[in-house]
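**Student:** Quick one: this structure, given as structure tokens, is what I'll be asking you about.
The values are calculated or read from the model by the stated rules, or taken from the named source; none is laboratory data. Keep in mind the model is a prediction, meaning the values are calculated, not measured. Ideal geometry is used to build each Cβ from the backbone, glycine not excepted, and the neighbour counts take in all protein chains shown. Just so you know, the surface numbers come from the protein's heavy atoms only, side chains and all, with ligands and any DNA or RNA stripped out. Shrake-Rupley method; radii C 1.70, N 1.55, O 1.52, S 1.80 Å.
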Amino acid sequence: MSYPISATKLQAYNRCPYAYYLRYERRFNSNEFFGSAALGTSLHQALATLHRDWHYHEPIPKRKWIYHCWDEASTGLTPTQVEEGRTILEGYYDKFILSEPSLSKPLAVEGKIQAMLHIENLEFLISGRYDRIDFIDNGLELIDYKSSRDFKIPASDEMDLQIGLYFLALEQTYHQSLRYLSLLFLRTGEKVRYRATQRHKKQVRSVISDLAVRLRQDKTWEPTPGKQCDRCSYARYCPAVTPEPLPLPTTLSASSELQLALSL
Ligand code: SF4
């Protein structure tokens, strides 16, 4: 049995072991750092159809192809959202398709990758989702669509972990190296490209190794206060930021993911 790990989990651990412990070891559900939007989901679906189901017999699809993809993906949205999404997709078409001599078929679209990693005598099951993986010279480019209103670049340490984890997972899945991870901001048409290197892979192994030691030795999950505390919904329970923290709910799980996942 394996201990499941993902970029989201590893980033949470890196931000604060105590928040990680509450969320993943004690399964204390909160909406900390999470959120979703129907328009964003529909945009992701439309882009998946656009790249996956295009026949690739012509250099680039005609504009009516994106309208078809959007009609399929936008059912259930409000009229305002439908209009907004259509405008966003038109912008995507103009910037990223019409400007190219031809549209290349991606290696994969909207999928899940998994990989195994053995560290400190523990087996970790790495899993992650991706929006699109393209072949480029000597490797792969992973595309992550961003549909939020703000053009907000994630913190560099969070990006480093995400890149390292995908580097490991893609190497095992496709036997190819990740060359770039790109964030594509749908509302502004900006594309931010990060070069993936062996350094990212080493860094992610080091953070997982630290997590493994903590899991094995049952070390304290100490809080590490920082700017993330402003958005942390565990703050009321956290001794690092609240002088008299609330006791944890008695309904929380007593067993850790490790005990469930591994035969020790
Ligand atoms: S408030 Fe800050 S230190 Fe406390 S658990 Fe949340 S992130 Fe960690």
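**Student:** Tell me the angle of helix 38-52 to the major Cα principal axis of the chain, expressed in degrees between 0 and 90 and rounded to the nearest ten.
**Tutor:** 60 degrees
**Student:** What is the helix-to-structure angle for 79-92, meaning the angle in degrees between its Cα long axis and the longest Cα principal axis of the chain, kept from 0 to 90 and rounded to the nearest 10?
**Tutor:** It works out to around 80 degrees.
**Student:** Okay, next question. Build a GNM of the chain with springs between Cα atoms under 10 Å: which of Leu125, Leu178, Leu168 gets the top mean-square fluctuation?
**Tutor:** Leu125
**Student:** To continue, here is another question. Could you check which residue among Lys105, Lys146, Lys62 shows the biggest mean-square fluctuation in a GNM of the chain with a 10 Å Cα cutoff?
**Tutor:** Evaluated over the chain, the most mobile residue of the options is Lys62.
**Student:** About its Cα centre, what dipole magnitude does the stretch 38-97 give when the only charges are +1 on Lys and Arg Cβ and -1 on Asp and Glu Cβ, stated in debye to the nearest 20?
**Tutor:** Here the size comes out at about 120 debye.
**Student:** Separate question: Positive end of the dipole of the chain, charges at C-beta (+1 Lys, Arg; -1 Asp, Glu), about the Cα centre: which of Tyr56, Ser102, Ile5 has its Cα farthest in that direction?
**Tutor:** Positive-most Cα among the choices belongs to Ile5.
**Student:** Can you compute the helix-only [θ] at 222 nm over the chain? Use -39500 (n - 2.57) per DSSP H run of at least 4 residues, normalise by all residues, nearest 500 deg cm²/dmol.
**Tutor:** Values: 8 runs with 97 residues, N = 264.
Counting only the DSSP helices, I get -11500 deg cm²/dmol.
**Student:** Something else about it: Relative to the present Cα-Cα distance, how much length would full extension add between Arg63 and Glu90 at 0.36 nm per residue of separation? Could you put the intermediate results ahead of the total?
**Tutor:** On the way: separation 27, 0.36 × 27 = 9.72 nm, distance 0.81 nm.
Extra length available between Arg63 and Glu90 comes to 8.9 nm.
**Student:** Can you give me the angle between helix 156-174 and the longest principal axis of the chain, using Cα atoms only, in degrees from 0 to 90, rounded to the nearest 10?
**Tutor:** Roughly 70 degrees, rounded to the nearest 10.
**Student:** Hey, what did the chain get for relative contact order, percent, Cα under 8 Å, at least 6 apart?
**Tutor:** On the way: 378 pairs, mean separation 67.2, N = 264.
Once normalised by length, the contact order is 25 percent.
**Student:** Can you give the Rg to Rh ratio for the stretch 28-113, taking only C-alpha atoms and Rh from Kirkwood? Don't skip to the end; give the middle numbers.
**Tutor:** Details: Rg = 14.7 Å, Rh = 14.2 Å.
With Rg and the Kirkwood Rh in hand, the quotient comes to 1.04.
**Student:** Report the one residue of Pro245, Tyr194, Gln81 whose Cα lies farthest in the direction of the positive end of the charge dipole of the chain (charges on C-beta: Lys and Arg +1, Asp and Glu -1; origin at the Cα centre).
**Tutor:** The one lying farthest along the dipole's positive direction is Pro245.
**Student:** I've got another one for you. Over the chain, average the accessible area per residue using a 1.4 Å probe and give it in Å², no decimals. Don't jump to the answer; show the numbers that get you there.
**Tutor:** Numbers: 13840 Å² over 264 residues.
Value returned for the chain: 52 Å² of accessible area per residue.
**Student:** Starting from the alpha-carbon convex hull of the chain, give the projected area averaged over all orientations, in nm². Present the calculation step by step, with values, prior to reporting the outcome.
**Tutor:** Numbers: hull surface 64.4 nm².
Its average projected convex-hull area is 16.1 nm².
**Student:** Mind putting a number on the dipole of the chain about its Cα centre? Charges go on the C-beta only, +1 for Lys and Arg and -1 for Asp and Glu, and I need it in Debye to the nearest 20.
**Tutor:** Details: 33 positive and 31 negative charges, 57 e Å.
The calculated dipole for the chain is roughly 280 debye.
**Student:** For the chain, with the dipole built from +1 on Lys and Arg beta-carbon atoms and -1 on Asp and Glu ones, taken about the Cα centre, which of Leu47, Cys16, Ile66 lies farthest toward the positive end?
**Tutor:** Farthest along the dipole direction, towards plus: Cys16.
**Student:** A follow-up question, please. If R₀ is 41 angstrom, what is the calculated FRET efficiency for the pair Arg236 and Asp71, using the beta carbon separation as r and rounding to 0.05?
**Tutor:** On the way: r = 46 Å, r/R0 = 1.11.
Efficiency, from the Cβ-Cβ distance: 0.35.
**Student:** How big is the Kirkwood radius of the stretch 160-248, worked out from every pair of different alpha carbons and given in Å to one decimal?
**Tutor:** Numbers: mean 1/r = 0.0616 Å⁻¹.
Here the Kirkwood hydrodynamic radius works out to 16.2 Å.
**Student:** Say each of Ile136 and Gln217 gets a label point 7 Å from the Cα, pointing the same way as Cα to Cβ; how far apart are those two points in nm?
**Tutor:** 4.0 nm
**Student:** Would you mind telling me which residue in Val204, Val192, Val109 has the biggest mean-square fluctuation in a Gaussian network model of the chain, where springs connect alpha carbons within a distance under 10 angstrom?
**Tutor:** Maximum among the listed residues: Val192.
**Student:** If you don't mind, another one. When the Cα atoms of the stretch 92-166 are enclosed in a convex hull and the volume is divided per residue, what value in Å³ results?
**Tutor:** On the way: hull volume 10.4 nm³, N = 75.
Dividing the Cα hull volume of the stretch 92-166 by its residue count gives 138 Å³.
**Student:** With only Lys, Arg, Asp and Glu charged, each at its Cβ (+1 for the first two, -1 for the last two), find how big the charge dipole of the stretch 129-178 is about the Cα centre; round to the nearest 20 debye.
**Tutor:** Details: 5 positive and 10 negative charges, 51 e Å.
Charge dipole of the stretch 129-178: 240 debye, to the nearest 20.
**Student:** Can I ask one more? Nearest-5 percent of antiparallel DSSP beta bridges in the chain? Walk me through the numbers on the way to the answer.
**Tutor:** On the way: 22 of 32 bridges.
Restricted to the chain, the bridges split so that about 70 percent are antiparallel.
**Student:** What percentage of the solvent-accessible surface of the stretch 38-97, computed with a 1.4 Å probe over protein heavy atoms, is contributed by carbon and sulfur atoms?
**Tutor:** On the way: 1680 of 3000 Å².
Answer for the stretch 38-97: carbon and sulfur cover 56 percent of the accessible area.
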